[in-house]
Amino acid sequence: MTITDAIHQAVLKVPLAAWTPAVEPGGEIRDGAWVAELTGGMLDGWPKGMRLIVRKERPYPGAQLRITDADGMRITCFATNTTGRPIAELELRHRLRARAEDRVRAARATGLRNLPLHDTAQNRVWLEIVQIALDLLAWMPMLALNGQARLWEPRRLRPAFSPAAQLVTTGRRRILHIARHWPWTDEITTALARLALLPKPG
């Protein structure tokens with residue numbers, strides 16, 4: 001949810017004892033993160049059964065705080081109608097779902113936003129390439145540079161590496177240029193050429 005001024009003011013009034021440590025998937029406490037539930041007048045006019053959960057967390061080194069953050073803590077919140085479950089468990093479920101949204105964003109940035117080729121068989125090759133890129137992005141956070149974990153996102157990686165392929169639009173045609181320095185250039189161009197020679201179904 002967007003943190004409105006009303007939510008921000010309500011967070012500032014939450015007593016220290018009302019904050020519960022956030023947890024990790026294995027059940028251990030998440031370092032530097034706490035969750036609380038906002039109640040009372042904050043929910044006036046909301047549908048019955050809705051809950052407003054807020055998390056405060058120490059920002060990672062170098063992160064800039066926003067105007068909606070409080071006491072040096074990064075503030076986020078979400079609404080749910082799930083009842084009968086601890087708020088730390090609900091916050092963990094929401095956080096894991098956000099990781100799935102990160103994967104979708106990375107997939108779109110890596111080439112899943114549109115299919116550039118005309119034939120289904122050719123686009124299958126394109127999707128395989130996208131899947132390989134996503135697998136690499138999923139594994140890269142396990143690498144550490146200078147002892148620090150790094151956020152691997154397609155936008156962050158682009159300036160560091162020369163592109164393996166570029167989709168160029170000229171007039172009504174879209175042409176895929178694959179860089180010669182890429183290790184799999186020959187295999188991909190050969191596969192696309194063979195697909196172009198296949199008879200079209202129907």
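The values are calculated or read from the model by the stated rules, or taken from the named source; none is laboratory data. Just so you know, these numbers come straight off a predicted model, no measurement behind them. Backbone-built Cβ (ideal geometry, glycine too); neighbour counts: all protein chains shown. Just so you know, the surface numbers come from the protein's heavy atoms only, side chains and all, with ligands and any DNA or RNA stripped out. Shrake-Rupley method; radii C 1.70, N 1.55, O 1.52, S 1.80 Å.
Rounded if a/c is under 1.5, else prolate if a/b beats b/c, else oblate: with a ≥ b ≥ c from the C-alpha gyration tensor eigenvalues square-rooted, which is the range 1-110? It comes out rounded by the Cα gyration axes. Of the solvent-accessible surface of the range 3-132, computed with a 1.4 Å probe over protein heavy atoms with every protein chain present, carbon and sulfur atoms account for 54 percent.
Under the shape rule built on the C-alpha gyration tensor, where the axes satisfy a ≥ b ≥ c, the range 41-93 is oblate, since a/c reaches at least 1.5 while a/b does not exceed b/c.
Packing, taken as the mean count of other beta carbons within 10 Å per residue, orders the peptides 88-97, 26-35 from highest to lowest as 88-97, 26-35. Annotation for Val104 and Tyr60: the two label points, set 7 Å from Cα along the Cα-Cβ direction, are 2.2 nm apart.
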